[in-house]
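The values are calculated or read from the model by the stated rules, or taken from the named source; none is laboratory data. As the structure is a computational prediction, the values presented were derived from the model and not from experiment. Counting neighbours? That spans all protein chains shown, and the Cβs are built from the backbone with ideal geometry, glycine included. These accessible areas exclude ligands, DNA and RNA; they are computed on the full protein's heavy atoms, side chains included. Shrake-Rupley method; radii C 1.70, N 1.55, O 1.52, S 1.80 Å.
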Amino acid sequence: MHGWLFWVVIAALVIAVVVKRLRGEPLNAKDLLIAPMVLTGIGIVSLTKAHGLTATDFVWTGAGGVLGVALGAVRGSTITVFEKEGVLWQRYTARTFAVMVVSFAIMAGFGLIAAKAGMHEEARPTQLTLGISFLGEALAVGLRGLQTGVPFAPERKSS
């Protein structure tokens, strides 16, 4: 089990990404993929540390992963991808937030059904769920960006 500081950091990272994307931000491949990969990695590590998981757990985890990527891709399809200053930018829309709410409800329902079917709580790390969902979003946005022919924004220089 992680301490409260861990959860505060995760929540802060997710909120920061959402706020930046609501305002609009340059779209570069590194920023698009880092948060989903880190969250997914943390979730996978949590799975490897869980004890007593069964084949049922892994089937439900896999199905939840597919559902999470799909819902993330749907959310990604609602994000505005546009050219600004010669590079790609992205911005969340009201539809993006509507899809977030519906996706949350669907995943909560899926989690309840999985738990009733015998899935252990340890087989559903929150970080994995969030990471996979953001990965689906990143894939949808990244593919749409590539289709425009406009270059991705350059990497930010650290100061």
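Of note:
- Residue check for VAL38: open to solvent by 60 Å² or more (accessible area, probe 1.4 Å) and either touching a residue at least 40 places away in the same chain (Cβ under 8 Å) or under 27 Å from PHE152 (Cβ atoms) (or both): yes
- Just one of the numbered conditions (1) aliphatic (A, V, I, L, M); (2) without any contact (Cβ under 8 Å) to a residue 24 or more places away in the chain; (3) closer than 17 Å to LEU67 by Cα is not true of LEU139: (2).
- Residue in segment 68-85 that is touching a strand residue (DSSP E or B) at 6+ places or on another chain (Cβ under 9 Å), open to solvent by less than 50 Å² (accessible area, probe 1.4 Å) and free of Cβ contacts under 8 Å to residues at least 24 places away in the same chain present: yes
- Failed criterion for PHE110 (all others in (1) in a helix (DSSP H, G or I); (2) closer than 18 Å to ILE34 by Cβ; (3) open to solvent by less than 60 Å² (accessible area, probe 1.4 Å) hold): (2)
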